[in-house]
1. By how many degrees, between 0 and 90 and to the nearest 10, does the Cα long axis of helix 288-298 differ from the longest principal axis of the chain?
2. Can you put TYR162, TYR95, TYR321 in order of Cβ neighbours within 10 angstrom, beginning with the fewest?
3. Give me the extension gain from LYS116 to ALA16: residue separation times 0.36 nm, minus the current Cα-Cα distance, reported in nm with one decimal.
4. My understanding is that a pair violates if its Cα-Cα distance is over 32 Å; which of LYS192/LYS268; LYS36/LYS268; LYS109/LYS225; LYS237/LYS355; LYS36/LYS355; LYS66/LYS268 do that in this structure?
5. 7 Å from Cα along Cα→Cβ at both GLN201 and THR146: what's the point-to-point distance in nm?
6. Could you work out how much longer the chain between ALA317 and ASP42 gets when fully extended? Use 0.36 nm per residue separation minus the Cα distance between them, nm to one decimal.
7. Can you give me the angle between helix 331-343 and the longest principal axis of the chain, using Cα atoms only, in degrees from 0 to 90, rounded to the nearest 10?
8. Rounded, prolate or oblate for region 88-240? Axes are the square roots of the Cα gyration tensor eigenvalues, ordered a ≥ b ≥ c, and the cut-off for rounded is a/c under 1.5.
Amino acid sequence: MSLLDDARKRINEVDAQMADLFEQRMQAVEDVIRYKVEHQMDVLDTGREKDVLKRNMGLIKQDKYKDSYLAFMEDMLKISKDYQKSVIYHDTVGYQGVQGAFSHIASEKVFPYRKKRNFASFEDVFQAVCQNEIAYGVIPFENSFTGEVGEVLDLLLRYDVYIQQIYDLKISQNLLGVKGATLQDIKQVYSKDQAIYQSKQFLEGRGYELIPYPNTALAAEYVAKQNDKTKAAIAAKENAELYGLDILAEDINTSEQNTTRFIIIGKKLVKEGNRFSMIFTAKHEAGALVKAMEVISKHGFNMESIKSRSIKNKPWAYYFYVEIDGNLQDTKVVELLMEMNEVCEDVKLLGAYTKESRDEK
Ligand SMILES: O=C(O)C(=O)C[C@]1(C(=O)O)C=C[C@@H](O)C=C1
């Protein structure tokens, strides 16, 4: 037996023991999870980690292995924390904003039975997905009235998440007042500027004082707290129940077609679906964008949407977001992605999802 064969035989034996020990460690971690959930404790315990590292480092006899072992143990702790979070938060859905906001309503429609957690910013939701603190994030992507949410495109470019599903929510604005109030009582109306704008036709000639508020759900909460019959909020119907308000006028928004498309993001690439999205940056040479477009059409794909955004910190450089009809499991798509990689500077697959055809809607 050669030296290499012998060494590999010993490695195999050690690996077998380590696999067994790994499972034993994870079994202990399962009990930690049970205890932490019961006592509502955080997954991270920095004090305990320091102890673990110190004690285990003391077990290493040869100094030359210490750095590697430290890295190994740190990885082990990360694996343990990631696993704990994936078990504890597997059914949690995150959204940006307060309860009653449209993102919250969309989360309830898509995941009626899962726990919800709200965050201050879109970026916080992306981060929470990446760190396993939530299983999914529900994020507004574009509105038929006001256009795309550019910041979300930038976040899709930066974070390692995938679009797994899309959901179209019909946005309906309503005038909500305190219990017993009538339209005649109202003097002041609170809401987000966009909602006021969308309800312009209804508001015209009524003499209400229009007061902008950071968002529709907060406006509803404010009106409920004031408990004043002269104040009303423009918000989604769901806020009436949430904050104990009456619906004084329903569907007051001008455009009946006002729909917001939400994307459901997660850490895994789900390959099923009849549409997929990608982001690419064209090479800095003449005709580079045309080349990319040609690759898409050459493979016979139908491009449903294209958007361009400037790249932060790179003046006059752009990236492109495209939506294409097709199934990621199709070999044609694999070929397309390979060729796109050749003609573009960067290509990032954003995920696959099912889009109903327009006729079905
Ligand atoms: O002892 C704990 O509290 C654990 O959650 C286990 C563990 C570990 O895997 O050793 C993991 C995460 C904590 O930050 C500390 C230690």
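Read-outs throughout are calculated quantities, based only on the coordinates presented, and are distinct from any laboratory measurement. Keep in mind it's a predicted model, so treat the numbers as computed, not measured. Neighbour counts are summed over all protein chains in view; Cβ atoms, including those assigned to glycine, are modelled from backbone coordinates with ideal geometry.
1. Roughly 90 degrees, rounded to the nearest 10.
2. Values: TYR162 23, TYR95 28, TYR321 20.
Placing the least packed residue first, the sequence is TYR321, TYR162, TYR95.
3. Details: separation 100, 0.36 × 100 = 36.00 nm, distance 4.08 nm.
Net length gain for the segment: 31.9 nm.
4. Numbers: LYS192/LYS268 35 Å; LYS36/LYS268 26 Å; LYS109/LYS225 27 Å; LYS237/LYS355 26 Å; LYS36/LYS355 40 Å; LYS66/LYS268 34 Å.
In this structure, LYS192/LYS268; LYS36/LYS355; LYS66/LYS268 exceed 32 Å between Cα atoms.
5. 2.0 nm
6. Working: separation 275, 0.36 × 275 = 99.00 nm, distance 4.25 nm.
Once the chain is fully extended between ALA317 and ASP42, it gains 94.8 nm.
7. Helix 331-343 sits at roughly 90 degrees to that axis.
8. Working: a/c = 2.69, a/b = 1.94, b/c = 1.39.
The shape class here is prolate.
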